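One structure below.
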Amino acid sequence: MPMFVDHSPPGQCIFCRLVAGEIPSAKVYEDALTIAFMDIGQVNPGHVLVATKRHAVTLLDITPEEAGAVLQTAQRMARAVQAAFDPPGMTLFQANGPVGGQTVFHFHLHVLPRHEDDGMALAWPRKEPGAAVLQDHAARLRAALPAD
Ligand code: 5GP
Ligand code: ZN
């Protein structure tokens, strides 16, 4: 995870300033709702961030229209990354909150080209609690689904 953490207030955060053109970026694409630019850290060559233009902190704070637009832009970027850098794999990564690994608190999605032994690691500690627990968790989520 990056060492830098942006605690700026909404509207003044680093990505709001980047969207406004107040700080430089290597921009790849923009449309009405989203912007895509090179991640300054470049975990691998071609590492792109897709952000909402509007300041929103996490996945829970963006609108359904923004969510759809972000994934469409991510697919455009993934196709461009595949054509330009030809990585053998690609990972989409999106962090919510400090515990989730978020360091810039303006919604964004990483489009990350992947290579064998590239040092990226995300532990995946499987619990396999069994069918009854899965059914219970699913029932809790069905009861919590937003009505729309
Ligand atoms: P997160 O950890 O929140 O998922 O990702 C934040 C990302 O923003 C990091 O990968 C970091 O390299 C990138 N980043 C931080 N500051 C800047 C900046 O000023 N410009 C660009 N292009 N990327 C940045
Ligand atoms: Zn912002």
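Checking the conditions here, which among Asp6, Asp31 is open to solvent by less than 60 Å² (accessible area, probe 1.4 Å), more than 12 Å from ligand 1 (Cβ to nearest atom) and more than 15 Å from the chain's Cα centre (by Cα)? Walk me through how you get there before you give the answer.
On the way: Asp6 fails: more than 12 Å from ligand 1 (Cβ to nearest atom).
None of the other options fit; the residue is Asp31.
Only one of the listed residues (Ala84, Ala36) is within 16 Å of ligand 2 (Cβ to nearest atom) and at pLDDT 95 or above. That residue is Ala36. With respect to the conditions (1) within 28 Å of Pro146 (Cβ to Cβ); (2) open to solvent by 20 Å² or more (accessible area, probe 1.4 Å); (3) assigned to a loop (DSSP other than H, G, I, E, B), Ala95 falls short on a single one, namely (2). Evaluating Leu18 against the criteria (1) more than 12 Å from ligand 1 (Cβ to nearest atom); (2) assigned to a helix (DSSP H, G or I) leaves one unmet condition, (1). Restricting attention to segment 105-120 and to residues that are more than 12 Å from Ala74 (Cβ to Cβ) and outside any loop (DSSP other than H, G, I, E, B), the residue that is most open to solvent (accessible area, probe 1.4 Å) turns out to be Arg114.
Are any of the residues in segment 9-25 in contact with a helix residue (DSSP H, G or I) (Cβ under 7 Å, 6 or more places away or on another chain) and surrounded by 16 or more Cβ atoms within 10 Å (Cβ to Cβ)?
Within segment 9-25, one or more residues are in contact with a helix residue (DSSP H, G or I) (Cβ under 7 Å, 6 or more places away or on another chain) and surrounded by 16 or more Cβ atoms within 10 Å (Cβ to Cβ).
The values are calculated or read from the model by the stated rules, or taken from the named source; none is laboratory data. Note that the coordinates shown come from a computational prediction; the quantities given were computed from them, not determined experimentally. Note: ideal-geometry Cβ built from the backbone for every residue, glycine included; neighbour counts use all protein chains shown. For the accessible areas, the whole protein counts, side chains as well, though only heavy atoms, and no ligand, DNA or RNA atoms are used. Shrake-Rupley method; radii C 1.70, N 1.55, O 1.52, S 1.80 Å.
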